[in-house]
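What follows is one structure encoded as C-alpha cells, with my remarks underneath.
No value in this document is a laboratory result; all are computed from the given coordinates. Fair warning: this is a prediction, and the values are worked out from it, not measured in the lab. Cβ placement follows ideal geometry from the backbone for every residue including glycine, while neighbour counts extend to all protein chains displayed.
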Amino acid sequence: MPRRQRSREFEHYRKTLQCPNGHRHALTFIEGTGDLVENLGMRDRLMLENPLSRFEDRLASIELVGRLRQFNHDRSGGLSIQRFRFDSMFACDTCGDQWPVFVQRELKIIDYQKTGLSQTSIGLEKRRLDWTQSSADSTCTLEFKHEWMKRVEVGFESLTSREETRSAGMKGSYGLLAINAGIQQRITESLKLTHSVTSQTRKTSRQEVEYVFPAGKVTVIKTYWKQIWQEYECRVRLPDRDKIVSIPYRVAFDVTFDQEVEHI
Ligand SMILES: [Zn+2]
C-alpha cells in the first residue's frame, strides 16, 4: 500500500504547530472513522501519544520522543494524537475551520450498469363524463398528461450486504453509518452529473386514448399513474479509504398509467 500523502495544511501544522490561519493553543485532533493508517513515516509516528509500540526500527530514542511530546503538547498546545485514520482531521477552535490530515482521494464513480426496470405509484386521477342526455354512443379522444421530475434516488440503506473490498487483506463491516452524510451527498451529486439530471429537470408526459361512451350513461375513468425507473448499480471508490462499494440507485425516466373505465 502506498504511503498516505499529508495535506498541505497538516504539513504547515507540523512545521509551525499552528493552524493554516496562524492560530495555536486551540487545536483539536478529530480521529474520524476511516481505516487506520499504519505505515506512517517516522516523523508522523513521533507525533503519536504512544508511538513506541510501533517502533520496529528503533531510530528514535525514548529521550527524543519524550522531548518532542513535551514540546508538542505542553509548551506549544499541539495536537494530541492517538492514531491516524485516512479521514482524520484537525480543527482550530479560534477560527473554527477544519482540515484533513491526509490528502483526500477523489470520490470516483468507476462504472455503472443497468439492472432492470421498476415502477412506483404516483397518483390516481379520476374523470367523470356525463352522457346521460345523449341518445347515441359517441367516440371521443381524451388527453392524459402528468408532470414529473427526472431525478436520482440512491439506495444507501442497502450498502451493507453489497460490500466489496479492494484487496483481500482489508476486511470490516461497512454499514450505512460508515458513509457520512457529506459523502452520500457527493455520491448523489456525481450520479446526477453522470445521468445529466439537474434539480430543475421537469418533464411532461402526454398520451391520448380513444373511448366509446355509451349513450345514457356516466363514464368514470380512473387513471393510476406510475413512475417508471431505470434501476442501476454503480461501483464507487470512496475518498476516505481504500474501498470500492457497489451502490444500487435508480433514475426516473418516464411515467405510464393503467386505467379502469366504468359505465354507470
Ligand atoms: Zn485557526
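When Ser196, Ser7, Ser138, Ser205 are sorted by how many other C-beta atoms sit within 10 angstrom of their C-beta, beginning with the fewest, the order is Ser196, Ser138, Ser205, Ser7. As a proxy for reagent exposure, Ile110, Ile247, Ile264, Ile221 were ordered by neighbouring Cβ count within 10 angstrom, fewest first; the result is Ile264, Ile110, Ile221, Ile247. For Trp131, the amide hydrogen comes within under 5 Å of the amide hydrogens of Lys217, Val218, Thr219, counting only partners 5 or more places away or on other chains and with H modelled in the peptide plane.
If the viscosity is 0.890 mPa s and the temperature 25 °C, what translational diffusion coefficient in µm²/s does Stokes-Einstein give for the stretch 192-264 when Rh comes from Kirkwood over Cα pairs?
D = 148 µm²/s.
Our estimate of slack between Lys114 and Glu260, defined as 0.36 nm per intervening residue step minus the Cα-Cα distance, is 49.4 nm. Counted by neighbouring Cβ atoms within 10 Å, the residues Glu49, Glu210 run from fewest to most as Glu210, Glu49. Given R0 = 41 Å, the distance between the Cβ atoms of Ser138 and Thr201 translates into a calculated FRET efficiency of 0.60.
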